[in-house]
1. Restricting the stretch 41-61 to residues that are of a type in the set (S, T, N, Q) and more than 14 Å from S86 (Cα to Cα), which is most open to solvent (accessible area, probe 1.4 Å)?
2. So how many residues does the stretch 21-32 have that are in contact with a helix residue (DSSP H, G or I) (Cβ under 9 Å, 6 or more places away or on another chain) and either surrounded by 13 or more Cβ atoms within 10 Å (Cβ to Cβ) or free of Cβ contacts under 8 Å to residues at least 24 places away in the same chain (or both)?
3. List, please: which pairs have Cβ atoms under 6 Å, are six or more places apart or on different chains, and start with a residue in the stretch 128-147 that is touching a residue at least 24 places away in the same chain (Cβ under 8 Å) and end with one that is of a type in the set (A, V, I, L, M, F, W, C) and open to solvent by 60 Å² or more (accessible area, probe 1.4 Å)?
4. Residues to consider are F17, F38; find the one that is modelled with pLDDT of 75 or more, part of a loop (DSSP other than H, G, I, E, B) and either more than 20 Å from the chain's Cα centre (by Cα) or surrounded by fewer than 10 Cβ atoms within 10 Å (Cβ to Cβ) (or both).
5. Of all the residues that make up the stretch 62-96, how many are open to solvent by 70 Å² or more (accessible area, probe 1.4 Å) and touching a Lys or Arg at 6+ places or on another chain (Cβ under 6 Å)?
6. Which of (1) closer than 30 Å to E35 by Cβ; (2) open to solvent by 100 Å² or more (accessible area, probe 1.4 Å) is the odd one out, the single condition Y106 does not satisfy?
7. Can you list the helices (runs of 4 or more DSSP H) lying wholly within the stretch 42-150 that have 2 or more residues being at pLDDT 85 or above and of a type in the set (S, T, N, Q)?
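The values are calculated or read from the model by the stated rules, or taken from the named source; none is laboratory data. For clarity, every value in this text was computed on a predicted model and none was experimentally measured. All Cβ positions, even for glycine, are placed from backbone atoms using ideal geometry, and neighbour counts span all protein chains on display. With ligands, DNA and RNA removed, areas are computed over all heavy atoms of the protein, side chains included. Shrake-Rupley method; radii C 1.70, N 1.55, O 1.52, S 1.80 Å.
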Amino acid sequence: MPRIVRSLDSLSGDKLFNGGVKIGPNRGRISIKLEQQFHEKVAFNYACNKPDHHILNTTYHLSVDNSSRHVVLVTKDVNLRMKAKSIGLMAQDYTTDHVKDISTLYAGRRIEENIIEESIDRMYAEPYQIEMSELPLTKPLLPNEYLIMRNEKNLPLHL
């Protein structure tokens, strides 16, 4: 079962989902809407056989039926956002997945300082390997991570 379905189920608990469920203070509600007949404004401009146009239609109905509320279509799909705006719907990009600080991303490598000189020397001689247990790593390696091992006397060695 997809994680989103489990999350929705836990949000709604033992309540009906027909009025929507609050997703947090000042964060709005999440609802599941059933299919509706295509609104004439949507049907006139967009074919009824595309899933994105069904999303557009549902959002349009929400905005018309709840004119006193602020209805926004949130999607990563730039084409759908443009279509929404063309029929008078507010639309925004989903931005919570944007990286605020690129330096926090996993680089796939790390630098380990003060590696014993003999360990680095053995990496240059057959069999060109050492046991991981011989390295004083600050934390365990991650899958596919590589090391840049340094000491004050040897040049960096890339593994």
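1. My answer is N49.
2. Selection size over the stretch 21-32: 5.
3. Qualifying pairs under 6 Å: Y146/L159; L147/L159.
4. F38
5. 1
6. (1)
7. Ranges flagged: 51-65, 78-86.
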